[in-house]
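Worksheet: one structure, shown below.
The values are calculated or read from the model by the stated rules, or taken from the named source; none is laboratory data. Nothing here was measured: the structure is a model prediction, and the numbers come from that model. In this analysis, Cβ positions are derived from the backbone assuming ideal geometry, glycine residues included, and neighbour counts consider all displayed protein chains.
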Amino acid sequence: MVLAMEIQITVRVLLTDSSKILLVNKFFYLNGGSERVFFQEREFLIRHGKNVIDFSMEDYRNFFSRYSKHFFHTLIILVQRASGIRLKLV
């Protein structure tokens with residue numbers, strides 16, 4: 001019973017705090033299950049009045065974000081391995 005009360009108090013404090021939250025993910029579109037959870041958590045925080053700041057990689061498939069002008073560009077680098085040289089997106 002005490003544990004349940006402590007959790008409830010913690011959740012209330014979290015939801016009434018007015019801090020800014022930076023959410024970072026490589027993809028800002030639904031690329032898989034982890035992005036689905038990312039966007040669900042983002043919507044939960046926004047619904048509860050949090051100031052959410054997005055940061056991700058630029059991509060034409062991205063959802064709208066008012067912070068998209070700050071997203072980083074995709075970089076192409078050469079990776080040399082024993083099997084040869086290949087391109088890698090970073």
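See the values below:
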quantity	calculated
Flag if F55 is at pLDDT 90 or above and surrounded by 11 or more Cβ atoms within 10 Å (Cβ to Cβ)	yes
Selection from region 14-72 of residues that are hydrophobic (A, V, I, L, M, F, W, C), under 13 Å from the mean Cα position of the chain (by Cα) and assigned to a strand (DSSP E or B)	I21, L22, L23, V24, V52, I53, F55, M57
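Residue-by-condition table, conditions (1) more than 30 Å from N62 (Cα to Cα); (2) at pLDDT below 90:
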position	(1), (2)
I7	yes, yes
L14	no, yes
S18	no, yes
L23	no, no
F28	no, no
N31	no, no
R36	no, no
